[in-house]
Amino acid sequence: MKASEMLRNAIRALPPILWNLALIALGSALCAVALNGILIPSQFLSGGFTGLALIVHYLFPAFPIGAIYFVLNIPNFAFGWKYVGRRFFLYSLAGMFIFSAAIQMVRVALPVYDYLLSALLAGILVGIGSGIILKSLGSAGGTDILSVILMKLFSVRLGTTILAFNAITLAAAAALFSLEMALYTLIYLYISSYMVNLVVTGLSQRKAVYIISPQWNVISHKIMEELQRGVTILKGEGGYTGKDQHVLYTVITFHELSRLKGLIRRLDPDAFVVVSETLEVMGRRIGNQPHW
């Protein structure tokens with residue numbers, strides 16, 4: 001048995017609660033590495049509740065960041081309970097404890113001294129860490145809770161909410177600290193928000209495909225047989241010819257796209273095909289929207 005298969009089997013054998021807590025712990029550790037190894041030594045700011053905790057810590061160094069973050073999150077959890085659900089609330093409560101502990105305990109020195117490179121590396125680490133946390137059934141508190149609420153209610157992307165909230169925090173912090181550091185922090189925040197979107201939905205991006213072909217019936221059956229994906233047949237009419245058309249609509253994964261194009265070329269090389277991106281997809285088997 002290959003090592004990758006053994007790892008997948010071991011993951012499947014884990015109880016869900018241990019798997020989700022492991023995701024939160026791993027993501028928190030990555031964020032703590034960036035915080036203690038880059039942000040604080042470079043005197044960078046941050047956004048959200050972490051940014052508020054950093055501002056308080058810079059103004060009053062005697063207060064530890066983990067404790068400040070924990071206190072700031074206490075009133076925030078009422079929103080998670082009301083708008084998202086008890087499961088998310090409980091996992092996020094555990095995540096807040098884990099994240100606060102990781103900030104205090106995980107300290108790794110990163111020998112990166114250029115401010116721009118530091119901002120890029122911090123953004124990558126925090127974005128991946130936050131994305132891993134949000135792949136669980138909870139969060140680490142802070143703006144993660146607000147992001148999930150807005151995504152569920154208004155389909156606002158996670159990274160977009162985080163970036164907007166962070167911009168407000170930075171605007172206030174720039175008046176207290178160096179504008180140059182605030183600008184470097186803005187680069188870090190942009191990279192981190194991009195990485196959050198990539199980890200949470202980007203790596204499982206779905207493609208929506210429209211197919212117009214006289215061989216529509218054969219193509220639709222082959223898609224269902226070979227790709228095991230559903231097909232919707234839409235009724236259309238040619239704008240120039242006025243003839244009735246059958247338009248096939250299907251949603252597939254990115255990895256299935258090359259197989260689908262090969263299938264269409266084999267059955268009808270002259271078929272008209274449109275491939276478009278999707279923001280998120282809900283539904284059994286093909287859905288990629290996180291379930292909090």
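The values are calculated or read from the model by the stated rules, or taken from the named source; none is laboratory data. Quick caveat, the model's predicted, so the values are computed rather than measured. All Cβ positions, even for glycine, are placed from backbone atoms using ideal geometry, and neighbour counts span all protein chains on display.
Answer yes if at least one residue in the range 263-282 is within 30 Å of residue 131 (Cβ to Cβ), in a loop (DSSP other than H, G, I, E, B) and of a type in the set (Val, Ile, Thr), and no otherwise.
Scanning the range 263-282 turns up at least one residue that is within 30 Å of residue 131 (Cβ to Cβ), in a loop (DSSP other than H, G, I, E, B) and of a type in the set (Val, Ile, Thr).
Being touching a His at 6+ places or on another chain (Cβ under 9 Å), part of a helix (DSSP H, G or I), over 18 Å from residue 124 (Cβ atoms) and modelled with pLDDT of 85 or more is true for just one of 24, 68. Which residue is that?
When all the criteria are applied, what remains is 68.
State all residues of the range 220-235 that are touching a residue at least 24 places away in the same chain (Cβ under 8 Å) and in a loop (DSSP other than H, G, I, E, B); if no residue qualifies, say none.
229, 230
I'd like to verify a number: residues in the range 116-156 that are within 14 Å of residue 190 (Cβ to Cβ) and either of a type in the set (D, E, K, R) or in contact with a strand residue (DSSP E or B) (Cβ under 7 Å, 6 or more places away or on another chain) (or both), how many?
Residues meeting the conditions: 0.
Has the range 98-109 got any residue that is over 20 Å from residue 65 (Cα atoms) and surrounded by fewer than 17 Cβ atoms within 10 Å (Cβ to Cβ)?
Checking the range 98-109: not a single residue is over 20 Å from residue 65 (Cα atoms) and surrounded by fewer than 17 Cβ atoms within 10 Å (Cβ to Cβ).
Go through (1) surrounded by 13 or more Cβ atoms within 10 Å (Cβ to Cβ); (2) at positive phi one by one and return the number of the condition residue 260 breaks.
(2)
Here are 194, 240: which of them is assigned by TED's automatic domain parsing to the domain that holds residue 147 and aromatic (Phe, Trp, Tyr)?
Answer to the check: 194.
For the range 73-85, state whether one or more residues are of a type in the set (Lys, Arg), modelled with pLDDT under 85 and either more than 17 Å from residue 146 (Cα to Cα) or not in a loop (DSSP other than H, G, I, E, B) (or both).
yes
Can you pull out every residue in the range 192-211 that is crowded, with 19+ Cβ neighbours inside 10 Å and modelled with pLDDT of 85 or more?
192, 195, 209, 211
Could you list, ordered by first residue, the pairs with Cβ atoms under 7 Å in which the first is in the range 58-79 and over 17 Å from residue 44 (Cα atoms) and the second is of a type in the set (Ser, Thr, Tyr), at least 6 apart or interchain?
Between residues of the range 58-79 that are over 17 Å from residue 44 (Cα atoms) and residues that are of a type in the set (Ser, Thr, Tyr), the close pairs are 70/100; 77/92.
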